[in-house]
Amino acid sequence: MDRVKVAIVGASGYTGQELVRRLLLHSHVEITAVTSRQEAGRTLAAIFPRFRGLPGSELEFIEPDPDVIAASGARFAFLALPHGVAAEIGRALLDRGLRVIDLSADFRIHDASVYEEFYEHPHPAPDLLAEAVYGLPEVRAEEIRAARLIASPGCYPTSILLPLLPLLRAGLIDPGTIVANSMSGVSGAGRKADLSLLFCECNESARAYGVPKHRHLSEIEQELSLAAGSKVVISFIPHLIPVNAGIVTTTTAMLGAGIDPAAVGAALDAAYAGEPFVRLLGRGQAADTKRVTGTNFIDIGWAHDPRTGRVILMSAEDNLGKGAGGQAIQSFNLMAGLPASAGLHFV
């Protein structure tokens with residue numbers, strides 16, 4: 001089988017590095033272009049020494065020129081760029097016949113006015129929003145297979161949506177009572193110079209941030225509302241913790257009146273039976289980031305508190321894996337007609 005040619009636009013950040021790591025080892029993929037304005041002219045092996053000796057690691061970074069990317073023969077492009085920047089080059093690559101998997105927020109929100117509210121600038125390509133498919137492979141596999149443009153979900157939203165969506169679709173919980181608390185490793189903030197992210201600022205420290213209106217709320221509430229069939233507004237409190245990678249999320253909501261708590265487990269089982277990257281831990285089991293970092297798995301456990309009537313959902317994922325690069329590759333696999341797990345079973 002011929003290898004599928006792909007480009008990674010913005011390959012020098014943490015998410016870009018995760019894409020490079022997995023795609024260099026993907027038996028069905030050939031990376032034909034990697035871009036970085038800062039690192040143009042240097043090789044992957046020079047920027048990421050851990051990849052030295054791997055086939056493809058001598059590929060040089062180039063400027064993000066859509067014509068040069070298209071000329072490399074790439075059929076797919078992964079965009080690991082900041083929001084507001086991805087849309088412009090995404091449009092240019094679509095115009096040149098590539099299929100695009102965007103890991104920024106630029107195409108996740110269906111409503112341009114909601115995007116502007118949360119990201120504080122007008123949407124750069126509102127005409128493409130109706131075409132973009134929100135890339136949760138466990139939820140929209142058939143749409144992803146046929147798509148030209150994928151909006152790959154954020155890391156926090158993935159950890160919140162996958163446990164909640166089956167319960168909302170089944171009417172098991174009161175949507176107005178949802179509260180999500182997440183804790184993320186520092187790599188979630190990106191590979192950039194920022195005083196608040198220095199080792200001495202983060203080590204031996206834990207703090208909430210982005211309260212009360214983190215940007216990811218826009219896509220979380222959008223997808224929860226679609227599942228519930230009515231507008232859903234939640235409380236979401238993200239925290240930064242002193243680890244490199246990983247997200248653990250605890251979400252609670254009131255169980256509906258008269259509903260047997262066992263229905264929670266049954267709904268999760270029905271939604272994710274056979275899904276290669278959702279590991280259901282069962283009732284009374286807590287998820288742990290140590291078991292998922294470096295993988296594309298999301299672990300989900302749950303409990304019921306009879307004193308309060310609340311369901312407690314516990315999930316863990318790698319924010320760079322299932323929360324970013326791994327999930328994007330999962331969508332790519334579907335688009336390219338490959339098994340969803342191709343290139344992703346590293347533990």
Please go through region 310-347 and pick out each residue that is part of a helix (DSSP H, G or I) and of a type in the set (Phe, Trp, Tyr). PHE332
For a quick check of your reading of the model, give me the residue pairs whose first member lies in region 187-209 and is outside the structural domain of ALA80 (by TED's automatic domain parsing), whose second is modelled with pLDDT under 80 and polar (S, T, N, Q), with beta-carbon atoms closer than 9 Å and at least 6 apart or on different chains. ALA189/SER196; CYS202/SER196; TYR209/SER196
Looking only at region 204-244, and only at residues there that are in a loop (DSSP other than H, G, I, E, B) and among the small types (Gly, Ala, Ser), the one that is nearest to the chain's Cα centre (by Cα): GLY210
Test PRO55 against the stated conditions and say whether it is closer than 22 Å to GLY154 by Cβ and either part of a helix (DSSP H, G or I) or not acidic (Asp, Glu) (or both). no
Against the condition in a loop (DSSP other than H, G, I, E, B), assigned by TED's automatic domain parsing to the domain that holds LEU240 and not acidic (Asp, Glu), how does ALA286 come out, does it pass? yes
Residue under evaluation GLU204, criteria (1) on the phi > 0 side of the Ramachandran plot; (2) touching a His at 6+ places or on another chain (Cβ under 6 Å), criterion not met: (2)
With respect to PRO157, determine if the residue is crowded, with 21+ Cβ neighbours inside 10 Å and not aliphatic (A, V, I, L, M). yes
Residue among ALA316, ALA267 that is under 20 Å from LEU136 (Cβ atoms) and touching a Leu at 6+ places or on another chain (Cβ under 7 Å): ALA267
When ALA74 is run through (1) farther than 16 Å from GLY16 by Cβ; (2) more than 21 Å from the chain's Cα centre (by Cα); (3) part of a loop (DSSP other than H, G, I, E, B), the failure sits at (1)
Given the conditions (1) among the basic types (Lys, Arg); (2) over 20 Å from TYR156 (Cα atoms); (3) under 21 Å from the mean Cα position of the chain (by Cα), which single one is not true for ARG291? (2)
Per-region count, region 1-33, residues assigned to a loop (DSSP other than H, G, I, E, B) and of a type in the set (S, T, N, Q): 2
Among the candidates GLU138, GLU143, which residue alone is in contact (Cβ under 8 Å) with a residue 40 or more places away in the chain, among the acidic types (Asp, Glu) and either outside any loop (DSSP other than H, G, I, E, B) or closer than 24 Å to GLU275 by Cα (or both)? GLU138
Among the residues of region 6-44, how many are surrounded by 19 or more Cβ atoms within 10 Å (Cβ to Cβ), in contact (Cβ under 8 Å) with a residue 60 or more places away in the chain and closer than 20 Å to ALA70 by Cα? 11
How many residues are more than 12 Å from the chain's Cα centre (by Cα) and buried (at least 18 other Cβ atoms within 10 Å of the Cβ) if we restrict to region 98-113? 6
For residues that are not β-branched (Val, Ile, Thr) and not in a loop (DSSP other than H, G, I, E, B), scanning just region 118-135, find the one that is nearest to LYS213 (Cα to Cα). PHE118
Consider region 213-239. How many of its residues are free of Cβ contacts under 8 Å to residues at least 24 places away in the same chain and either surrounded by 15 or more Cβ atoms within 10 Å (Cβ to Cβ) or not basic (Lys, Arg) (or both)? 4
Residue among ARG52, ARG91, ARG3 that alone is closer than 24 Å to GLN222 by Cα and more than 20 Å from the chain's Cα centre (by Cα): ARG91
Condition check: in contact (Cβ under 8 Å) with a residue 60 or more places away in the chain, surrounded by fewer than 19 Cβ atoms within 10 Å (Cβ to Cβ) and not assigned by TED's automatic domain parsing to the domain that holds GLY16. Does MET314 satisfy that? no
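The values are calculated or read from the model by the stated rules, or taken from the named source; none is laboratory data. All figures in this text were calculated on a predicted structure; none of them were measured in a lab. Cβ: placed from backbone, ideal geometry, glycine included. Neighbour counts: every protein chain shown.
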